Each structure stands twice: as structure tokens, then as C-alpha cells.
Amino acid sequence: MEEFKSGFVAIIGRTNVGKSTLINSLVGEKVAIMTNKPQTTRTAIRAIVNREHSQIIFIDTPGIHKPKTKLGNTMIETAFGNVGEVDVVLFLIEATSEGIGKGDSIILEKIKESKKKTILVINKIDLVKRETLLNLIEMYRKEYDFQAVIPISALKKDKTGEVLIEIEKLLQPRTCLL
């Protein structure tokens, strides 16, 4: 008998931080729409990554934004509603952020309430200097005890493999008879 892990992972973050780009990178093909237009992902998209010792089911959620319509409210409810149903949360932020903005603060509060295992993924590292990135990491580490902090460039597929490795560490083993 081999140890096999599986579980659900929600990708949550503000609008246009690269959630769909990340999910496409992790899955290895285009399963989510990638565009600069805000609120393109309107429902939770599911994608599966099969690895040698695990199966990871990703849920790409709508971007967190200040809703101005009924549809906007529904999209936010969908994003936060998925957090309670998963084993691991990937909280995706942009490396270009100069601090923890209001939207990210709201997401952090929801993560704290959920008490879910959470990995902070900092996207678009190719757009900032190392010092800026280190300052951002420090700010977020003071706010929450993440299981891991992983700087990546989803578009360039830089360090996205590390995301899968860290997720796999956090998943529960399932019995697999081979």
C-alpha cells in the first residue's frame, strides 16, 4: 500500500492578480479565461491536477472586489463560500502591492475565520525588485502564520511547481490499493 493524498484547493485573491493564469500554469493547459478585464471569472472553475502521489482539485474563484451590482455580490459570495469547503487555500496577491490593501485585508480576515491551511502565493515577481518583494513578505507574515509563502510568476511559469509541492505536503493521505 502506498500513501496517496488528495484534496480541494481554493485560489482566492483580488481581481486581476493572476488566479486564472496560475490555475492554467498548474494544470498545464488553458482551463480558465485569462484577460485584463475585471470579473471575467464569474463562477468557481474546477480543475484537476494528477500527480504521482496526489490528486489536487483546484477551485478558481471570482476575484474579490467592491461589488456594485447583484451579480458582483453573488460573485463575492461564491469566492468566500468556497473557502469553507476546501482543504487548503491559496491566497494570491501581486508582488507590485505596496502594502496590504483593503481588499486583501478583507480576504485575510475571511481566511483567519475559516482556520484553513493557507499558502500565500505572491505573483508577478518579475515586475519588482527583490527588496520590494522581501518587504511585502514581511508585512504579510506579521499578519498571518501562513503554512508557506511562495513568490512566483504564473505567466512565466516561474516557481509554480513549488506551489504543487507545498500543497501536496498539506493534503490528507488517502489509502490507495495498488
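The values are calculated or read from the model by the stated rules, or taken from the named source; none is laboratory data. The model shown is predicted, which means the values in this text are computed figures rather than measured ones. In this analysis, Cβ positions are derived from the backbone assuming ideal geometry, glycine residues included, and neighbour counts consider all displayed protein chains. The protein model used for the area step is the full one, side chains on, heavy atoms only, and it has no ligands, DNA or RNA in it. Shrake-Rupley method; radii C 1.70, N 1.55, O 1.52, S 1.80 Å.
Among the residues of segment 95-145, which ones are in a helix (DSSP H, G or I) and among the basic types (Lys, Arg)? Hits for segment 95-145 are 102, 110, 112, 130, 141, 142.
Here residue 152 meets the list (1) open to solvent by 30 Å² or more (accessible area, probe 1.4 Å); (2) farther than 22 Å from residue 110 by Cα almost entirely, failing just condition (1).
Can you pull out the residues in segment 146-178 that are outside any strand (DSSP E or B), basic (Lys, Arg) and out of contact with any helix residue (DSSP H, G or I) (no Cβ under 7 Å at 6 or more places or on another chain)? Full working, then the answer.
Our first condition is that a residue be outside any strand (DSSP E or B); within segment 146-178, this holds for 146-147, 152, 154-157, 159-171, 177-178.
Filter once more, keeping what is basic (Lys, Arg): 156-157, 159, 169.
Across segment 146-178, the qualifying residues are 159, 169.
With respect to residue 56, is the statement that it is at pLDDT below 80 and touching a Gly at 6+ places or on another chain (Cβ under 9 Å) true?
On the way: at pLDDT below 80: no; touching a Gly at 6+ places or on another chain (Cβ under 9 Å): yes.
Taking the combined requirement at face value, the residue does not satisfy it.
One line per residue, one yes/no per condition, for (1) at pLDDT below 90; (2) more than 15 Å from the chain's Cα centre (by Cα):
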| site | (1), (2) |
| --- | --- |
| 110 | yes, no |
| 128 | no, yes |
| 138 | no, yes |
| 143 | no, yes |
| 146 | no, no |
| 152 | no, no |
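Assess whether residue 74 counts as being modelled with pLDDT under 55 and not in a strand (DSSP E or B). Yes; evaluated as a whole, the condition is true for this residue.
Cβ-Cβ below 9 Å, separation at least six or inter-chain, first residue in segment 88-104 and under 30 Å from residue 172 (Cα atoms), second surrounded by fewer than 22 Cβ atoms within 10 Å (Cβ to Cβ) and among the aromatic types (Phe, Trp, Tyr): which pairs? Pairs found: 88/8; 91/140; 91/144; 91/146; 93/140; 104/140. The residue list 31, 83 contains one member that is at pLDDT 60 or above, crowded, with 17+ Cβ neighbours inside 10 Å, touching a helix residue (DSSP H, G or I) at 6+ places or on another chain (Cβ under 7 Å) and among the aliphatic types (A, V, I, L, M), which is 83.
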